[in-house]
Amino acid sequence: MPTSSSSSSSFSSAASSSGNRQADVFSRLASSDPEVKLKALREVKNQIIGNRTKKLSFLKLGAVPAIASALSDSECNSILVQSAAALGSFACGFEAGVQAVLDAGVFPLLLRLLTSSDEKVVDAGARSLRMIFQSNQAPKYDFLQEKNMKFLFSLLNSENENVSGLGASIIAHACGTTVQQQVLCDAGVLEKLVILLDGSLSQREACLESLATVLKNNPEAVSRFVGLEAGRYLSSVTELTKDRYPRTRLLSCLCLVVIYNTSPSYFLNMGTKSSLVTTLLELLNDHGQSGDDAALGLSSLIAEKEDLQKLAYEANAIKNIVDILKTGSELHPKRLQGLFLSLAELCSKLEDCRCSFLSLEMLDLLVNALRHKNADVRTAACICFRNAARSVKVAVLGALSNIVLDFSSPKSTFIEYGGIKQLIELSKSMDPNARCSALRALRNLMFLADNKRKELFYSEVKAQGFVSLISDPEPTVQEQALALLRNLVDGCINSIEFVFDEDGLILDTVGKQLRKSPQAHMAIQGMYVLTNVASGTELHKEAVMQQLFPQPQAESNNFMLKFLQSHESQLRSATVWTIINLISPSSPGAHDRHVKLRDEGIIPQLKNMVNDACLDVKIRIRTVLSQSMSFGDN
Amino acid sequence: MATSKKVITRDEWEKKLNAVKLRKEDMNTLVMNFLVTEGFVEAADKFQRESGTKQIDLATITDRMAVKKAVQNGNVEDAIEKVNDLNPEILDTNPELFFHLQQQRLIELIRQGKTEEALEFAQEELAPRGEENQAFLQELEKTVALLVFEDASNCPVKDLLDISHRLKTASEVNAAILTSQSHEKDPKLPSLLKMLIWAQNQLDEKAVYPHINDLSTGQLETLSE
């Protein structure tokens, strides 16, 4: 075990020595001695394969142009192989690498390698080209030019797996338009591709990918494909959905999804549809890229198709997808997007799906997705939320009320607005439980919310809306409404202004409710509203006094005294807090308010409570009494 | 009360077995598949010549075996170079395998007592893997823990130093190469034998008949024996 001094020196030297080593091998790349150059190329290649970090650092050193020179200047097969392999590795799944490789003019150099007499050189060239074509930055391949088509077919015809795979890859990634699809089909590409279906694993997979691209949204191409050898190849692809390799199963499923979406008539058999859905659902559990692609594939399959959505629902899709989302591990954005879109589709028409989904306590996850850094994920989650919220079943709302939302990202305003509106609608429901749950959710939403959100919310409800909520026939709804109001006015002084809107309509209503001998829970929230208002300006404090002691009083309806004598410690506490804020010495009218409170018997009552059973209350009372003493009266 | 099971005598059973037709070619293919997958190059070559069974290019088996052997001997860097010569895509598209190979390299450095080199390696080569992919962090922490203990061979994670871990890594690499060559990564023979055992278990619920209890001999044994 090294001592601390040597270990720290070894750590600091690790960084610099690795940098030195990299610089050293980089300089050897430019050597005129072919042996040295070859060795350096091999070293770089072996360092970067599988190692994204090294790819980046060698990239920054300028290794790509150096290797490109080696590729163009050399005739030696070994050097060609090693440099092609290194360049291919730079381009493998690494967009910056692809760009550097293309910028260095490597593309034509690699093409040249395909005609070499040395099989290893051909392999290296074909592999590296295939890496490039898997990226969006790959050069556009003009299928419409005859010589390009000829070249493509020469690739497809090759005995060499890597070369034919390259041909298929070019098609899979470069064929985009209907015209291109047509030109390819007319040249006989389908007949060529299906031969690869019977080939090796990699040929089969390359073929499936290209088939999907050529057939997509092209009914003519689909009918041509299905017509080949009386449907034999369609059966082959269907069989492959049961293949032992997950990627083969996935690619064949995606192929069938494309065919189904383009020409559903070939899928009259319910069994095929059902097994397609279940296979995709199984593939969702794959941890790698196949799982990512399966999610998007599933959403594409069931999109707008109620019968397939039902099939998926019956196959337990919702629970499976939610379980995956809940695993807690970092999921690829493509997978998240696909999963949320699938959920969105499932919830789009089927009420059972929505209830199922919402009962699974997914809302935290959904909310996190609404804040994901990837725009596609956010959109998918938003659609999912919107579709799920179409449900009016009450059970659903129980889950809604447990949301604690924090939309701090500005981009979420749109989403948030939609959510709030929905909840406000629900707060007007006929069902008191629904009203209650909606208000609970809104109450959480307003907790520590910024002004923007509060304004947004208030503009939808307005004073009259609040009055209705606070005056709701159900006490539990009243309580939630007051709790919501409490959160609304909490925070900055501007928030207090809400209760003064329309001549203080809301504040009056609160006062009215408090004077009606309410249940304790309601009273607690009401008093906290007053506490928050009383924390504001002179005017605010005076307005609270008005509510506490309205003139003229018909009878000694001093609810404050009643609250102070309540069995509920929270109610006593809330009341004391209001008093603390009313007589806080920093405000000018505090003295007069203190006098009034004393005359109404409030301060004397507090003196009787110095030994209140609840510690919190006791402490607050002490605060009041010390404030009281500062006014000189005792 | 147990329902009476059908009793099949040894004679009857052997008659049934003899009625099943098998093709010699199928059995040869099975044997070849076993020899190839397990990497018995010379045996595969000889078997091909003697039986005429079709078989893949032996050179690829040799290459694959060289990689497997290198890992089994603890020469991981050598193994990585060989894999990359065979097919540079394998490690580029298999982050888990690449991580396990790097992990094995670190283990070998620790085993040789090259602590400073191990620390450097851990920082330069393994730590970035954890950054690139969170899924590896837990295993990474386990491996780095080896560096913390004075006596690594007696610490909680000492099984990483076990030779069996080398074999595990070697097996992983072998499978990846086989897949890349479009071969089945597992030989068929074990699956067949498992199927046999399963089938016997199933049949046991319905009948009494001679079993094969010793797979290595394939001898039929009646219960009374």
About the Cα centre, and with charges only on the beta carbon of Lys, Arg (+1) and Asp, Glu (-1), how big is the dipole of region A:1-139? Nearest 20 debye, please. 360 debye
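What shape does region B:59-122 take by its C-alpha gyration tensor, where a ≥ b ≥ c are the square roots of the eigenvalues and a/c under 1.5 counts as rounded, a/b above b/c as prolate, and the rest as oblate? Before the final figure, lay out each step's value.
Working: a/c = 2.95, a/b = 1.66, b/c = 1.78.
Oblate is the answer for region B:59-122, as a/c is 1.5 or above yet b/c matches or exceeds a/b.
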Against the 2.2 N^0.38 Å rule of thumb, the C-alpha Rg of region A:1-139 sits at a ratio of 1.14
Fully extended contour minus Cα-Cα distance, from A:GLU35 to A:GLN137, at 0.36 nm per residue: 33.3 nm
Checking the a/c ratio against 1.5 first, then a/b against b/c, what shape does the Cα gyration tensor give for chain B? prolate
Residue (of B:LEU215, B:THR115, B:THR60) at the positive-pole extreme of chain B, dipole from beta-carbon charges: B:LEU215
How high is the relative contact order of region B:42-120, in percent, with contacts defined as C-alpha pairs under 8 Å that are six or more residues apart? 19 percent
Positive-end residue, chain B charge dipole about Cα centroid, Cβ charges, pick of B:GLN138, B:SER191, B:ASN28: B:ASN28
Gain in length, A:ARG232 to A:ALA96, computed as 0.36 nm per residue apart minus the alpha-carbon separation, to one decimal in nm? 44.7 nm
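If you put +1 on each Lys and Arg Cβ and -1 on each Asp and Glu Cβ, how big is the dipole of chain A around its Cα centre, in Debye rounded to 20? Working shown, then result.
Working: 65 positive and 66 negative charges, 155 e Å.
So the dipole magnitude of chain A works out to roughly 740 debye.
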Could you tell me the calculated FRET efficiency between B:ASN133 and A:SER429, based on Cβ-Cβ distance and R0 = 51 angstrom, to the nearest 0.05? 0.60
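Just list whichever of B:LYS21/B:LYS68; A:LYS37/A:LYS120; A:LYS60/B:LYS168; A:LYS326/B:LYS68; A:LYS192/B:LYS24; A:LYS140/A:LYS216 have alpha carbons separated by over 28 Å in the model shown.
Going by Cα-Cα distance, B:LYS21/B:LYS68; A:LYS60/B:LYS168; A:LYS326/B:LYS68; A:LYS192/B:LYS24 fall outside the 28 Å limit.
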If amide H atoms are built 1.01 Å from N in the plane of the peptide, which residues on other chains or at least 5 residues away come under 5 Å of the amide H of B:VAL208? B:LYS6, B:VAL7, B:ILE8
Dipole of region A:1-139 (Lys/Arg Cβ +1, Asp/Glu Cβ -1, origin at the Cα centre): which of A:VAL101, A:VAL122, A:GLY50 lies farthest to the positive side? A:GLY50
Highest-MSF residue in chain B out of B:VAL67, B:VAL208, B:VAL41 [GNM, Cα springs under 10 Å]: B:VAL208
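If you put +1 on each Lys and Arg Cβ and -1 on each Asp and Glu Cβ, how big is the dipole of region A:265-348 around its Cα centre, in Debye rounded to 20? If you can, show how the numbers build up before the last one.
Values: 7 positive and 11 negative charges, 14 e Å.
Dipole about the Cα centre, nearest 20: 60 debye.
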To the nearest 0.05, the calculated FRET efficiency linking A:ASP352 and A:GLU282 through their beta-carbon distance, R0 being 25 Å, is 0.70
Any idea how far apart A:ALA23 and A:GLU460 come out in nm if each label point goes 7 Å out from Cα toward Cβ? 6.0 nm
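So, R0 is 22 Å and r is the distance between the beta-carbons of A:ASP592 and A:MET629; what FRET efficiency does that work out to, to 0.05?
Efficiency computed from Cβ-Cβ geometry: 0.85.
Can you give the convex hull volume of the alpha carbon atoms of the protein assembly as shown per residue, in Å³?
That works out to 294 Å³ per residue.
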Evaluate the distance, in nm, between pseudo-label points positioned 7 Å from the Cα of B:VAL157 and of A:ARG515 along their respective Cα→Cβ axes. 7.2 nm
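Is region A:277-322 best put as rounded, prolate or oblate by its Cα gyration tensor, with a ≥ b ≥ c the root eigenvalues, rounded for a/c under 1.5, and otherwise prolate when a/b is larger than b/c, oblate when not?
On the way: a/c = 2.44, a/b = 1.51, b/c = 1.61.
Verdict is oblate for region A:277-322.
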Rel. contact order, % - alpha carbon contacts under 8 angstrom, at least six apart, region A:1-139: 20 percent
Could you work out the relative contact order of chain A, using alpha carbon pairs under 8 angstrom and six or more residues apart, expressed as a whole percent? 5 percent
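No value in this document is a laboratory result; all are computed from the given coordinates. Fair warning: this is a prediction, and the values are worked out from it, not measured in the lab. Every residue, glycine as well, gets a Cβ built from its backbone with ideal geometry; the counts of neighbours run over all protein chains shown.
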